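Undergrad: I'd like to ask you about the structure that follows.
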Amino acid sequence: MAKKKITKKVYLQWYEDMLFWRKFEDKASALYIQQKIRGFLHLYNGQEGVLAGSLFAIEDKDRFITAYRNHVQPIGRGVPPEKVMAELMGRITGTSNGNGGSMHMFSKEHNFYGGHGIVGGQIPLGAGLAYADKYLGNEAITLCYMGDGAVRQGAFHEAMNLAMLWTLPVVFIVENNGYAMGTSVERTANHTDIYKLGLGYEMPCEAVDGMDPSKFYPVIQEAVDRARAGKGPTLLEARTYRYKGHSMSDPQAYRSKDEVAEFQKRDPIGIVQKVIQDKNYASDEQLQEIEDRVKQKLKDCVKYAEESEFPKPENLYDDVYIQKDYPFIKTP
Amino acid sequence: MAREIQFREAVAEAMSEEMRRDELVYLMGEEVAEYNGAYKATKGMLDEFGPKRVVDTPISELGFAGVGVGSAMNGLRPIIEFMTFNFSLVAIDQIINNAAKMYQMSGGQYNVPITFRGPTASAGQLGATHSQALENWYANTPGLKVVVPSNPYDAKGLLKTAIRDDDPVLVMESEQMYGDKGEVPEEEYLIDLGKARIDREGSDVTLVSFGKIIKEAYQAADELAKDDIQAEVIDLRSVRPIDYETVVNSLKKTNRMVIVEEAWPLGNISTELIAHCQQHAFDYLDAPIQRINTADTPMAYAPTLVEAFLPQAEQVVKAARQVLYLD
């Protein structure tokens, strides 16, 4: 497929989507402080450009798998956001019926394969999704995401090798936000150009600006097209940044406020907003309408989640086995 | 019509029959295709099914176990062979975190119809890293099912059922059993997972075991019979789930039990059975239940040390006589 033109409609969609994702995460953060969301909470703020650019390049039939910073990706793929909010709040109406929590969002209907909590563990799964599509002759491709920390896991390297060996229709996207929790990329290896890890496997690889969806989109579209044409995988390093800590309990002593502020000057939402304003794609009033819509949608999400029930204790056994009469050991 | 075939042939037959039956089933692992299997348990399968469905891998257990799980989330029914389950330890994240938990973590959206199979436990003087019995490790994990056949008939029937199961199943074999011969019907049959079998009826003492080490229990039963002690021998066949009912019913009949398990002693299937029996059949016990496990050490190389490490028939005889208060 040729690269699609990034029209006014696309920019406005990107703006509304990214704004919603940002506000969704901010709301999740607030709910966490109120202890309505528990466990770990990893926020996507700052990385939205990668997702916006990616979604424009794929089709509904394509598959999407990522790590634990995974609240807004399913929303981007069409999962009702209130279901994600309900999962964050541990409700039975959540995407995994309250079984998964923040790190484990799934939606079979939307070809969203999680939501994975063990760093790098999802990378061979992404190769496996693509393996099945190749085996079955499907035209679907897989986008497999990971953070910069994950590329130091063996799982990454084994999956890269197998994907090349078997010419699998998969695109590996490293969202390099600079830090594996509190450890900077510089402190994890003697090289910092992560995309060059593809060279060892002779996999097409490239570093891309992940802050600007209009720059990320054409590159990932090429990779998607290559996969769909049966020409195998690609490794993309999306250079991005997360504004928030690794998770909610991160004091962020490993970086300066100036560094964060520097990246916020290149905020993906700001970049898109500037194009909209420069090209007169929308008036200030129209942008305000978008923001009002986003706020209302978010309110509805929280209301839905808060009004939903928690799972009942007996639901604990519902989804462990597909076999419905599995004889669990139950101690008194 | 039954004929005698080797354990390895039973394994290959089970996989081949299921692959003929269902195009979604494929086999992947080290040396499974061109080499015909490290232990020849996949002999002839590449010729019949071709390289798309019988897939050699590099030595990347973590990678190909994960590819298996991912492909199972997307419609396939993989059989992933580990050359031995000792090597599954580098893939254990994919088994424990992904295969076992995916159905629950996704709220019942993605089941993982995968079979992991290969030999487990010791196989001669292979040293510590190649001699580990990991059945109880995997059996500890909710979301998995674990079966351990001890003869060609069970190997075929259990493996066929495992491949058709919609949950992840581990089928744990033994290098030392692949050459064993046994009667296997020509006709198709399946064996339910989670069902033990009484191999030999007896009224004096119950011997419970599974996997290749059950041969020590058989030998012990023969020895005991010479002294007119009738041992009932139960092959668990499945260690997750466990068929407690068959075990408890036997205990209620014999009132005495010895468990023979090739596993380290801390927290294994034996201790689980003992816990269960003391709770559910306490009043039927005429003696404390005994267990014969491996030594609480890594296995070592020298023949004397291998013998000292593994459960032996004479230990089983001694324990049986002890629970009968004969010595």
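Undergrad: Hey, any hits in segment A:237-256 for a residue that's among the hydrophobic types (A, V, I, L, M, F, W, C) and either open to solvent by less than 20 Å² (accessible area, probe 1.4 Å) or outside any loop (DSSP other than H, G, I, E, B) (or both)?
TA: Looking through segment A:237-256, at least one residue is among the hydrophobic types (A, V, I, L, M, F, W, C) and either open to solvent by less than 20 Å² (accessible area, probe 1.4 Å) or outside any loop (DSSP other than H, G, I, E, B) (or both).
Undergrad: Now, a different point. Answer with yes or no whether B:Ala91 is crowded, with 24+ Cβ neighbours inside 10 Å, more than 8 Å from chain A (Cβ to nearest Cβ), assigned to a loop (DSSP other than H, G, I, E, B) and of a type outside the set (Lys, Arg). Give the derivation first.
TA: Details: crowded, with 24+ Cβ neighbours inside 10 Å: yes; more than 8 Å from chain A (Cβ to nearest Cβ): yes; assigned to a loop (DSSP other than H, G, I, E, B): no; of a type outside the set (Lys, Arg): yes.
No; evaluated as a whole, the condition is false for this residue.
Undergrad: So, in segment B:268-318, how many residues would count as being surrounded by fewer than 17 Cβ atoms within 10 Å (Cβ to Cβ) and touching a Cys at 6+ places or on another chain (Cβ under 9 Å)?
TA: 2
Undergrad: Could you please give the count of residues in segment A:125-146 that are outside any helix (DSSP H, G or I), surrounded by fewer than 24 Cβ atoms within 10 Å (Cβ to Cβ) and not acidic (Asp, Glu)?
TA: Filtering segment A:125-146 down to residues outside any helix (DSSP H, G or I) leaves A:137-146.
With surrounded by fewer than 24 Cβ atoms within 10 Å (Cβ to Cβ) added as a condition, the list becomes A:137-140.
Subsequent filtering for residues that are not acidic (Asp, Glu) retains A:137-138, A:140.
Selection size over segment A:125-146: 3.
Undergrad: Looking only at residues that are open to solvent by 10 Å² or more (accessible area, probe 1.4 Å) and under 16 Å from the mean Cα position of the chain (by Cα) in segment B:104-132, which one is nearest to B:Val184 (Cα to Cα)?
TA: Here the answer is B:Ala123.
Undergrad: Another question, if that's okay. Would you pick out the residues in segment A:306-327 that are surrounded by fewer than 11 Cβ atoms within 10 Å (Cβ to Cβ) and within 13 Å of chain B (Cβ to nearest Cβ)?
TA: A:Lys324, A:Asp325 - these are the residues of segment A:306-327 that are surrounded by fewer than 11 Cβ atoms within 10 Å (Cβ to Cβ) and within 13 Å of chain B (Cβ to nearest Cβ).
Undergrad: Follow-up. Which ranges mark the strands (runs of 3 or more DSSP E) fully within segment B:159-244 that have 2 or more residues being under 20 Å from B:Thr84 (Cβ atoms) and not assigned by TED's automatic domain parsing to the domain that holds B:Phe87? So that I can check it myself, show each step before the final result.
TA: Values: elements: B:169-173, B:181-185, B:197-200, B:205-209, B:231-235, B:238-240.
Where strands (runs of 3 or more DSSP E) fall fully within segment B:159-244 and carry at least 2 residues being under 20 Å from B:Thr84 (Cβ atoms) and not assigned by TED's automatic domain parsing to the domain that holds B:Phe87, they are B:238-240.
Undergrad: Any idea how many residues of segment A:147-156 are more than 8 Å from every other protein chain (Cβ to nearest Cβ) and part of a helix (DSSP H, G or I)? First the steps, then the outcome.
TA: If we filter segment A:147-156 for residues that are more than 8 Å from every other protein chain (Cβ to nearest Cβ), which is where we start, we get A:147-153, A:156.
Filter once more, so that each one left must be part of a helix (DSSP H, G or I): A:148-152, A:156.
Of the residues in segment A:147-156, 6 are more than 8 Å from every other protein chain (Cβ to nearest Cβ) and part of a helix (DSSP H, G or I).
Undergrad: Within the bounds of segment B:217-225, is there any residue that is open to solvent by 40 Å² or more (accessible area, probe 1.4 Å) and charged (D, E, K, R)?
TA: yes
Undergrad: With the structure loaded, tell me whether A:Ala229 is of a type outside the set (D, E, K, R), more than 30 Å from A:Arg38 (Cβ to Cβ) and open to solvent by 20 Å² or more (accessible area, probe 1.4 Å) or whether it fails that test. Give the steps one after another, and end with the answer.
TA: Working: of a type outside the set (D, E, K, R): yes; more than 30 Å from A:Arg38 (Cβ to Cβ): yes; open to solvent by 20 Å² or more (accessible area, probe 1.4 Å): yes.
Criteria met by A:Ala229.
Undergrad: Failed condition for A:Phe263, given (1) part of a loop (DSSP other than H, G, I, E, B); (2) modelled with pLDDT under 95, with all others met?
TA: (1)
Undergrad: If a residue has to be touching a strand residue (DSSP E or B) at 6+ places or on another chain (Cβ under 7 Å) and either of a type in the set (Gly, Ala, Ser) or in contact (Cβ under 8 Å) with a residue 40 or more places away in the chain (or both) to count, how many in segment B:54-73 make the cut? If you could, list the steps in order and put the result at the bottom.
TA: Going through segment B:54-73, the residues touching a strand residue (DSSP E or B) at 6+ places or on another chain (Cβ under 7 Å) turn out to be B:54-55, B:57, B:64-65, B:68, B:71-72.
This time we only want the ones that are either of a type in the set (Gly, Ala, Ser) or in contact (Cβ under 8 Å) with a residue 40 or more places away in the chain (or both), so: B:65, B:68, B:71-72.
So the count comes out to 4.
Undergrad: Do you know which of the residues in segment B:268-297 that are without any contact (Cβ under 8 Å) to a residue 24 or more places away in the chain and under 14 Å from B:Lys253 (Cα atoms) is farthest from the chain's Cα centre (by Cα)?
TA: That would be B:Asp283.
Undergrad: Within 29 Å of A:Asp209 (Cα to Cα) and touching an Asp or Glu at 6+ places or on another chain (Cβ under 8 Å), is that true of A:Ile276? Before you say what the answer is, go through the steps one by one.
TA: Details: within 29 Å of A:Asp209 (Cα to Cα): yes; touching an Asp or Glu at 6+ places or on another chain (Cβ under 8 Å): no.
Taking the combined requirement at face value, the residue does not satisfy it.
Undergrad: A follow-up question, please. For segment B:250-267, how many residues are in contact (Cβ under 8 Å) with a residue 60 or more places away in the chain and open to solvent by 40 Å² or more (accessible area, probe 1.4 Å)?
TA: Counting residues in segment B:250-267 that are in contact (Cβ under 8 Å) with a residue 60 or more places away in the chain and open to solvent by 40 Å² or more (accessible area, probe 1.4 Å) gives 3.
Undergrad: Do you know which residues across segment A:284-305 are within 22 Å of B:Gly107 (Cβ to Cβ) and open to solvent by 100 Å² or more (accessible area, probe 1.4 Å)? Give the steps one after another, and end with the answer.
TA: Applying the first criterion (within 22 Å of B:Gly107 (Cβ to Cβ)) to segment A:284-305 yields A:300-305.
Passing the criteria: only A:Lys303.
Undergrad: Of the residues A:Lys134, A:Lys108, which is charged (D, E, K, R), without any contact (Cβ under 8 Å) to a residue 12 or more places away in the chain and facing another protein chain (nearest Cβ under 10 Å)?
TA: On the way: A:Lys134 fails: without any contact (Cβ under 8 Å) to a residue 12 or more places away in the chain.
On inspection, the qualifying residue turns out to be A:Lys108.
Undergrad: Is it true that some residue in segment A:112-124 is in a helix (DSSP H, G or I), touching a helix residue (DSSP H, G or I) at 6+ places or on another chain (Cβ under 6 Å) and more than 9 Å from every other protein chain (Cβ to nearest Cβ)?
TA: Residues of segment A:112-124 in a helix (DSSP H, G or I): A:122-124.
When the remaining residues are screened for being touching a helix residue (DSSP H, G or I) at 6+ places or on another chain (Cβ under 6 Å), the result is A:123-124.
Applying the additional criterion that residues be more than 9 Å from every other protein chain (Cβ to nearest Cβ) yields none.
No.
Undergrad: Please go through segment B:53-79 and pick out each residue that is facing chain A (nearest Cβ under 7 Å) and not in a helix (DSSP H, G or I).
TA: Within segment B:53-79, B:Pro58, B:Ser60, B:Asn74, B:Gly75, B:Leu76 qualify.
Undergrad: When you scan segment B:119-130, do you find a residue that is within 14 Å of chain A (Cβ to nearest Cβ) and either closer than 17 Å to B:Val147 by Cβ or not in a strand (DSSP E or B) (or both), even just one? So that I can check it myself, show each step before the final result.
TA: Taking segment B:119-130 as the starting set, the residues that turn out to be within 14 Å of chain A (Cβ to nearest Cβ) are none.
Checked segment B:119-130: no residue is within 14 Å of chain A (Cβ to nearest Cβ) and either closer than 17 Å to B:Val147 by Cβ or not in a strand (DSSP E or B) (or both).
Undergrad: Can you name every residue in segment A:75-100 that is facing another protein chain (nearest Cβ under 10 Å) and open to solvent by less than 20 Å² (accessible area, probe 1.4 Å)?
TA: Once the filter is applied, which keeps residues that are facing another protein chain (nearest Cβ under 10 Å) and open to solvent by less than 20 Å² (accessible area, probe 1.4 Å), segment A:75-100 yields A:Glu87, A:Gly94, A:Thr95, A:Ser96, A:Gly100.
Undergrad: A further question on this structure: Take the conditions surrounded by fewer than 24 Cβ atoms within 10 Å (Cβ to Cβ), without any contact (Cβ under 8 Å) to a residue 60 or more places away in the chain, more than 17 Å from the chain's Cα centre (by Cα) and within 14 Å of chain B (Cβ to nearest Cβ) and apply them to A:Leu165. Does it pass? Give the derivation first.
TA: Values: surrounded by fewer than 24 Cβ atoms within 10 Å (Cβ to Cβ): yes; without any contact (Cβ under 8 Å) to a residue 60 or more places away in the chain: yes; more than 17 Å from the chain's Cα centre (by Cα): yes; within 14 Å of chain B (Cβ to nearest Cβ): yes.
Yes: the conditions hold for A:Leu165.
Undergrad: Going by what's in this entry, would B:Val247 be described as part of a strand (DSSP E or B) and crowded, with 22+ Cβ neighbours inside 10 Å? Walk me through it before giving the result.
TA: Values: part of a strand (DSSP E or B): no; crowded, with 22+ Cβ neighbours inside 10 Å: yes.
For B:Val247, the condition - part of a strand (DSSP E or B) and crowded, with 22+ Cβ neighbours inside 10 Å - is not met.
Undergrad: Another question, if that's okay. Would you mind finding the one in A:Tyr179, A:Tyr201 that is of a type in the set (Phe, Trp, Tyr) and closer than 24 Å to A:His42 by Cα? Before the answer, list the steps.
TA: Working: A:Tyr201 fails: closer than 24 Å to A:His42 by Cα.
Exactly one residue qualifies, and that residue is A:Tyr179.
Undergrad: When only residues in segment A:171-193 that are within 19 Å of A:Ala223 (Cα to Cα) and among the charged types (D, E, K, R) count, which is farthest from the chain's Cα centre (by Cα)? Can you show your working first?
TA: Initial filter on segment A:171-193 (within 19 Å of A:Ala223 (Cα to Cα)): A:171-176, A:193.
Applying the additional criterion that residues be among the charged types (D, E, K, R) yields A:175, A:193.
Numbers: A:Glu175: 9, A:Asp193: 21 Å.
Per the stated criteria, the residue is A:Asp193.
For (1) open to solvent by less than 20 Å² (accessible area, probe 1.4 Å); (2) polar (S, T, N, Q), each residue gets a yes or a no:
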{"position": "A:Asn45", "(1), (2)": "yes, yes"}
{"position": "A:Ala57", "(1), (2)": "yes, no"}
{"position": "A:Phe64", "(1), (2)": "yes, no"}
{"position": "A:Ala67", "(1), (2)": "yes, no"}
{"position": "A:Gln73", "(1), (2)": "yes, yes"}
{"position": "A:Met103", "(1), (2)": "no, no"}
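The values are calculated or read from the model by the stated rules, or taken from the named source; none is laboratory data. Just so it is clear, the structure is predicted and the values come from calculations on it, not from any experiment. Cβ coordinates were reconstructed from backbone atoms using ideal geometry, including for glycine residues, and neighbour counts include every protein chain displayed. Keep in mind that these areas ignore ligands, DNA and RNA; they rest on the heavy atoms of the full protein, side chains included. Shrake-Rupley method; radii C 1.70, N 1.55, O 1.52, S 1.80 Å.
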